Amino acid sequence: MTLGFPALALILLFPAFGVVFNLFLGAKWGRAAVNVVGPGVMFAAFAVATWAFLKLLAMPAGSALTQHLWGWIEAGKFHAELGLRVDALSGVMVMIVTGVGALIHLYSVGYMAHDEDFARFFTYMNLFALSMLILILADNLLMMFIGWEGVGLCSYLLISFWYTNPQYAYNGRKAFIVTRIGDAGFLLGIFTIVATLGAHGVWTLDFVELRNNAALLGGAGATAACFLLFIGATGKSAQIPLYVWLPDAMVGPTPVSALIHAATMVTAGVYMIARLGFMFSMAPSTLDLVATVGALTALFAATIAIVQPDIKKVLAYSTISQLGYMFLGVGSASYASGIFHVMTHAFFKGLLFLCAGSVIHALGDEQDMNKMGGLRTKLPITFWTMLIATFAIAALPPFSGYFSKDLILEAAYESGHWWLWFLGVITAGLTSFYMFRLIFMTFFGDSRVDSDKEHHIHESAAVMTIPLIVLAILATVGGWVNLPDGILWGNAFVRFLAPVVGTFKPILEEGAISRSLPLAAPIIGILLAYILYIRLPGIPFLLAWRLKPAYDLLLNKYYIDELYNLIVTRPLFWISENVLNRAIDEYAIDGTAEGIGLAVQTGGQVARRAETGNVQHYAFVYLLGALGIVAYYVFLVTGR
């Protein structure tokens, strides 16, 4: 059942109004007005999204709300329109983006209270939310690409928000360029779909029509298109090999990290694969690639996180790792499990970033955990809410992360990727270890805070702690929407998404090793972190000294950035300077142009010398010409 619902346009209009107001009137009307409008438009969008979602719940399974905006592209037989669609999948996503986004906007009021560029900040934040909403509400692939590019632009603006710092500006450019590489693959994937379907007389990118005509792609066409689209996903969702931008993105304000790296942009790739699941299911080799890259990324990033001293860097690599879990889920053809983890991750990772921001705010912008400790009594709300988020990400029952991560691991096991399942289990243990390492180093033990900052430590204002409390509640109960089969409304979330993304029902028996090991691994990680950072705090220093090569390898992130610089950046700069600039631009292009100019100039000088203006010279030349003609006829024509 499809029902027109004009109010869907308001979900976009509210943040669009925020952008216009903050851009043109924010500085003039002052901080108070911006603090109302910036978060207010997101809460208004959340209200409309909730209205639409409740209406969708009251409709039969598989229904959708739509709103046609206007015609867009008519090029020969190809057509594309601007339209909005809320079905089960986009309904879940729009609730996440507007709900968690609104809380992050509210938190930003307190966090950015002393920043003079507050109007520009909320302009970018509202624009980012608008772009993400376009991405998830689009009813066709081309309109999705508009939102896809919009969040890329906004991530650059927000990461380099404090652009007067050259390093911050560089990190923003790095994020923009790396994600553009992936976007090239996304665009080629769109072209492949259009060309393949066009050969069969189908000229559309509408999701419903694509689903109805997916068989026309064939196995080869679907594989090629899905592979290229997955390249785009690796850029936006920070997977191997295009993950390198995300850790450096931590230089932006902490609310930016929470918005981009928890609830919105980085999940775009997962959402895209789930939205086109009918196509990816036709390309099993690409799905295997998605699952493999996801599992390897999850483990790879987790190993780096276990030694990072910067609290936001730990969370950054944690985000990369959790995104790997999501790709493992969708790559196992359990698209609902990946989206389920998108939702729970938005709750607990958004909370973790905001709690980290509360700590940084209290310590005068200090991010080194070696200069923290003993903060649980001074920041009680931050401590308890961050502890809840840590329980959730560590996948301990009954917190939200347990249900979504468990569903992903079951999907990997059931799909036959048992070795990827095993990597996921190891990653679960590492996750609990590095997250409780963060908790113990930050909130327990003796204080290592600089003396000039220690007496200023205080809990954040209510405008910052209220979002923490709300997210802590969601991080606790958010996973209960998909309780195991046989318990109350068991498997409800998966059943809700099934008409859009397909079904998946775990069939593992209770007590099997595949059920018990994923729960044991996090507990082992917690115990190990407790021993090393509470009971025997000197051991980590000893291990770092004894295993210095391995420690330095992890601390320096496997030297991947240096490797990229060696094998990619430097060769490109060398080619640019010596081949493109000198050989082609200077010698070939400039040389040709200058040579032609020199030839014309030389010819002009010769002609100028011949044209002397002397009548005797002209008469002499005329005589020579006449003699030449006579000689031609006498000796050549007559043969004499």
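The values are calculated or read from the model by the stated rules, or taken from the named source; none is laboratory data. Everything numeric in this text was worked out from a predicted model, so none of it was measured. We place every Cβ from the backbone using ideal geometry, glycine too, and count neighbours over all the protein chains shown. Please note that ligands, DNA and RNA were not included when accessible areas were found on the heavy atoms of the full protein model with its side chains. Shrake-Rupley method; radii C 1.70, N 1.55, O 1.52, S 1.80 Å.
Within the range 440-477, the residues that satisfy the criterion of being open to solvent by 10 Å² or more (accessible area, probe 1.4 Å) and small (Gly, Ala, Ser) are Gly445, Ser447, Ser451, Ser460, Ala461, Ala462.
Taking first residues from the range 595-609 that are within 21 Å of Asp585 (Cβ to Cβ) and partners that are among the aromatic types (Phe, Trp, Tyr) and open to solvent by 90 Å² or more (accessible area, probe 1.4 Å), no Cβ contact under 6 Å between residues at least 6 apart in sequence or on separate chains turns up. Surrounded by 20 or more Cβ atoms within 10 Å (Cβ to Cβ) and within 21 Å of Leu205 (Cβ to Cβ): is that true of Leu217 in this structure? Yes: the conditions hold for Leu217.
Within the option set Leu54, Leu10, being more than 25 Å from Phe493 (Cβ to Cβ) and either open to solvent by 40 Å² or more (accessible area, probe 1.4 Å) or in contact with a strand residue (DSSP E or B) (Cβ under 8 Å, 6 or more places away or on another chain) (or both) holds for one residue only, Leu10.
Comparison of Thr303, Thr292, Thr297 shows that the only residue that is within 18 Å of Ile231 (Cβ to Cβ), open to solvent by 10 Å² or more (accessible area, probe 1.4 Å), modelled with pLDDT of 95 or more and of a type in the set (Val, Ile, Thr) is Thr292.
The residues of the range 593-611 that are over 30 Å from Ala583 (Cβ atoms), in a helix (DSSP H, G or I) and open to solvent by 100 Å² or more (accessible area, probe 1.4 Å), listed by number, are Arg608, Arg609.
Filtering the range 366-387 to residues that are open to solvent by 40 Å² or more (accessible area, probe 1.4 Å) and assigned to a helix (DSSP H, G or I) leaves Asn370, Lys371, Pro380, Ile381, Trp384. Only residues that are assigned to a helix (DSSP H, G or I), hydrophobic (A, V, I, L, M, F, W, C) and open to solvent by less than 10 Å² (accessible area, probe 1.4 Å) were counted across the range 120-142, and they come to 11. Between Leu158, Leu106, the distinction of being within 28 Å of Ile469 (Cβ to Cβ), hydrophobic (A, V, I, L, M, F, W, C) and open to solvent by 40 Å² or more (accessible area, probe 1.4 Å) belongs to Leu106 only. What about Ala102, is it under 25 Å from the mean Cα position of the chain (by Cα) and either in a loop (DSSP other than H, G, I, E, B) or of a type in the set (Gly, Ala, Ser) (or both)? Spelling it out, Ala102 is indeed under 25 Å from the mean Cα position of the chain (by Cα) and either in a loop (DSSP other than H, G, I, E, B) or of a type in the set (Gly, Ala, Ser) (or both). Whether any residue in the range 176-193 is in contact (Cβ under 8 Å) with a residue 12 or more places away in the chain, over 30 Å from Ala64 (Cβ atoms) and not in a helix (DSSP H, G or I) is what I want to check. Looking for residues that are in contact (Cβ under 8 Å) with a residue 12 or more places away in the chain, over 30 Å from Ala64 (Cβ atoms) and not in a helix (DSSP H, G or I), one finds none in the range 176-193, hence no. When Phe391, Phe348 are screened for being assigned to a helix (DSSP H, G or I) and open to solvent by less than 10 Å² (accessible area, probe 1.4 Å), only Phe348 passes.
Taking the numbered list (1) touching a strand residue (DSSP E or B) at 6+ places or on another chain (Cβ under 8 Å); (2) closer than 14 Å to Gly38 by Cα in turn, Ala102 passes all entries but (1). Determine which member of the set Gly189, Gly235 is small (Gly, Ala, Ser) and more than 17 Å from Thr319 (Cβ to Cβ). Result: Gly189 is the single residue among Gly189, Gly235 that is small (Gly, Ala, Ser) and more than 17 Å from Thr319 (Cβ to Cβ). Regarding Tyr564, is this residue in contact with a helix residue (DSSP H, G or I) (Cβ under 7 Å, 6 or more places away or on another chain), among the aromatic types (Phe, Trp, Tyr), assigned to a helix (DSSP H, G or I) and modelled with pLDDT of 85 or more? In short, no. Among the residues of the range 612-635, the ones that are surrounded by fewer than 10 Cβ atoms within 10 Å (Cβ to Cβ) and not in a helix (DSSP H, G or I) come to 2 in all. Only one entry of Thr234, Thr196 meets the criterion of being within 22 Å of Tyr271 (Cβ to Cβ), in a helix (DSSP H, G or I), touching a Gly at 6+ places or on another chain (Cβ under 6 Å) and among the polar types (S, T, N, Q), and that entry is Thr234.
Tell me which residues, restricted to the range 1-34, are closer than 28 Å to Phe53 by Cα and of a type outside the set (A, V, I, L, M, F, W, C). Listed by number, the residues that qualify are Thr2, Gly4, Pro6, Pro15, Gly18. Could you tell me which residue of the range 527-550 is surrounded by the most Cβ atoms within 10 Å (Cβ to Cβ), considering only residues that are in contact (Cβ under 8 Å) with a residue 12 or more places away in the chain and in a helix (DSSP H, G or I)? For the range 527-550, the residue satisfying everything is Ala529. Restricting attention to the range 551-579, the residues being open to solvent by less than 60 Å² (accessible area, probe 1.4 Å), among the β-branched types (Val, Ile, Thr) and within 27 Å of Gln308 (Cα to Cα) number 2.
Taking the criterion of being surrounded by fewer than 24 Cβ atoms within 10 Å (Cβ to Cβ) and under 26 Å from Thr385 (Cα atoms), the only residue of the range 407-425 that qualifies is Val425. Just to be sure before I move on: is Pro241 of a type outside the set (A, V, I, L, M) and either in contact (Cβ under 8 Å) with a residue 24 or more places away in the chain or in a helix (DSSP H, G or I) (or both) in the structure I sent? Answer is no for this residue. From the list Leu363, Leu375, Leu387, the one residue that fits, being modelled with pLDDT of 95 or more and on the phi < 0 side of the Ramachandran plot, is Leu387.
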